[in-house]
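Worksheet for the structure shown next.
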């Protein structure tokens with residue numbers, strides 16, 4: 001999407017006469033830096049802030065102020081990561097964790113959205129489901145891990161189940177809220193044009209719920225990643241949570257950070273994918289934000 | 001006034017002894033919005049309904065459309081009892097009520113899609129109506145990118161596109177600025193003359209009713225009943241100069257008097273309460289000033 005062009009006062013006025021106030025006549029051409037910032041601000045400022053954080057970390061790590069046992073340093077973390085990658089160990093951890101997450105998260109999205117839509121649409125179903133939703137949403141899912149392990153063992157299925165339990169509720173509850181906040185004005189339009197219930201659902205309820213569903217999906221990513229790590233801490237033989245746990249127990253701080261960085265990166269990538277999807281389906285929305 | 005005795009064709013749209021009550025469980029009461037309301041609209045007639053604000057005009061329109069079932073009485077179309085799902089009526093809503101995630105053309109096509117017209121055909125028809133309401137070039141815009149007047153044009157086109165015999169319009173121009181409103185009124189008259197639809201047009205603007213309609217029905221305050229019916233015998237096509245004629249002004253004054261005489265009870269009470277509280281406020285003003 002092209003960047004919107006703001007009317008800055010260095011631009012000629014649309015009517016060709018320019019601003020009447022002489023104080024505004026002063027030509028203020030932006031320098032090359034300002035123009036670059038205007039175009040790539042998000043990327044540049046974001047990278048600069050991350051770069052500065054890493055540089056500060058590295059400086060503190062090298063200064064000897066804090067023992068490397070506690071803090072490590074970016075260069076040590078990268079070195080440890082590269083060594084683990086070369087040995088194939090890292091790929092194995094990533095593969096295991098990503099598999100568990102994908103299984104649990106996709107199952108959660110695939111069930112929570114239709115169930116949420118149904119609960120929001122049928123009031124009696126809501127009455128029936130609401131006690132369970134509220135109770136399970138409020139319960140820390142960590143409390144269920146022993147049960148899940150008892151039922152499913154410590155393999156991939158129990159991990160996927162914990163991810164599922166983490167991601168299901170935010171997605172489902174948000175979807176219900178999306179259906180319930182549908183505009184009665186739009187419903188009346190559909191009814192007036194004699195839309196069937198199925199069409200009303202498809203053409204009014206679904207599109208109005210989309211932002212809520214997407215918000216739920218994004219929340220679900222965070223909850224799902226918590227599920228991966230915590231369930232691997234509880235008992236596993238591979239995976240990023242397992243890596244963090246074993247490296248931490250053996251004082252290999254750099255390896256702990258490798259695991260943390262990879263989980264963070266995974267979360268960012270998933271969020272970015274959803275943000276792209278959101279931009280596609282929600283492209284009609286006018287931009288929101290403070291006045292500039 | 002209802003069924004003709006001479007055996008001629010029945011009126012296109014009739015409201016027969018309509019009554020509508022709403023339960024308000026939250027307030028623990030039952031309000032009567034329509035009470036024994038009877039009126040008839042002829043084929044191709046342009047009927048305007050004026051009434052004090054809150055008198056139940058919108059509810060009447062919803063009952064006529066079939067959106068809301070009446071508590072008593074019935075709605076007849078061509079003398080037959082109207083079904084709730086009849087496709088001969090279409091509504092033009094007060095706030096444009098466009099679907100914000102649909103472009104202009106998709107919004108106009110919405111009513112047709114609801115009637116199971118295939119999407120490509122619906123979109124093709126929508127493009128024709130886009131031109132008819134003067135929105136060429138805005139077909140791919142989203143509602144928030146349109147002005148209030150343009151949104152109302154889309155609202156109108158969406159209703160016209162389903163080719164209803166009866167057009168029910170709920171203060172469609174009330175939210176527009178005076179200039180846009182006059183343009184829209186004139187343009188709507190032009191479109192109406194071409195399509196020969198039966199129109200029921202709800203408004204609170206007396207001059208709008210007199211300028212547009214063949215007949216103006218003045219309603220009482222809530223519960224709404226027919227207070228008086230005025231035949232508007234101004235020649236068509238009309239332009240805005242008719243508003244300056246003596247007849248138009250006299251009529252406007254007359255209707256205004258009718259409406260002010262029947263301010264609904266809650267408004268009278270509201271005014272009384274306002275007076276009381278302002279008196280109170282004046283009494284308290286000086287101590288507060290001292291503090």
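The values are calculated or read from the model by the stated rules, or taken from the named source; none is laboratory data. Small disclaimer: the values here were computed from a predicted structure and weren't measured. Here Cβ is always computed from backbone atoms with ideal geometry, including for glycine, and neighbour counts include all displayed protein chains.
Things to note:
- Residue check for residue A:257: in contact with a helix residue (DSSP H, G or I) (Cβ under 9 Å, 6 or more places away or on another chain), within 14 Å of chain B (Cβ to nearest Cβ) and at pLDDT 90 or above: no
- Whenever a residue of region B:52-67 is more than 12 Å from every other protein chain (Cβ to nearest Cβ), its partners that are in a helix (DSSP H, G or I), lying with C-beta atoms within less than 6 angstrom and at least six residues away or across chains, give the pairs B:52/B:259.
- Residue in region B:69-85 that is within 12 Å of chain A (Cβ to nearest Cβ), outside any loop (DSSP other than H, G, I, E, B) and over 24 Å from residue B:139 (Cβ atoms) present: no
- Of the residues B:71, B:38, the single one that is surrounded by fewer than 23 Cβ atoms within 10 Å (Cβ to Cβ) and in contact (Cβ under 8 Å) with a residue 60 or more places away in the chain is B:38.
- Filtered by the rule that a residue be without any contact (Cβ under 8 Å) to a residue 12 or more places away in the chain and more than 18 Å from residue A:262 (Cβ to Cβ), region A:76-128 gives A:106, A:110, A:114, A:118, A:122, A:123, A:124, A:125, A:127, A:128.
- Residue that is away from chain B (no Cβ under 14 Å) and assigned to a helix (DSSP H, G or I), where the choices are A:212, A:251, A:201, A:242: A:242
- Only one of A:88, A:155 that is surrounded by fewer than 22 Cβ atoms within 10 Å (Cβ to Cβ), away from every other protein chain (no Cβ under 14 Å), at positive phi and at pLDDT below 95: A:88
- Test: residue in region B:236-246 that is outside any helix (DSSP H, G or I) and crowded, with 21+ Cβ neighbours inside 10 Å: no
- The criterion of being at pLDDT below 95, within 14 Å of another protein chain (Cβ to nearest Cβ), buried (at least 19 other Cβ atoms within 10 Å of the Cβ) and under 16 Å from residue B:101 (Cβ atoms) holds for residue A:182.
- From A:107, A:128, A:190, residue being modelled with pLDDT of 95 or more and either within 14 Å of chain B (Cβ to nearest Cβ) or touching a helix residue (DSSP H, G or I) at 6+ places or on another chain (Cβ under 9 Å) (or both): A:107
- When we screen B:48, B:40 for residues that are in contact with a helix residue (DSSP H, G or I) (Cβ under 9 Å, 6 or more places away or on another chain), at pLDDT 90 or above and more than 14 Å from every other protein chain (Cβ to nearest Cβ), the only hit is B:48.
- Taken over region B:103-146, the criterion of being assigned to a loop (DSSP other than H, G, I, E, B), buried (at least 19 other Cβ atoms within 10 Å of the Cβ) and within 13 Å of chain A (Cβ to nearest Cβ) is satisfied by B:103, B:142, B:146.
- Applying the set (1) in contact (Cβ under 8 Å) with a residue 60 or more places away in the chain; (2) under 30 Å from residue B:122 (Cβ atoms); (3) more than 14 Å from chain B (Cβ to nearest Cβ); (4) surrounded by fewer than 23 Cβ atoms within 10 Å (Cβ to Cβ) to residue A:175 leaves exactly one unmet item: (4).
- Breaking point among (1) more than 14 Å from chain B (Cβ to nearest Cβ); (2) outside any helix (DSSP H, G or I); (3) at pLDDT 90 or above, for residue A:229: (2)
- Note on region B:172-203: residues that are within 14 Å of chain A (Cβ to nearest Cβ) and surrounded by fewer than 21 Cβ atoms within 10 Å (Cβ to Cβ) amount to 1.
- Out of B:153, B:158, one residue alone is assigned to a helix (DSSP H, G or I), within 13 Å of another protein chain (Cβ to nearest Cβ) and modelled with pLDDT of 90 or more. It is B:158.
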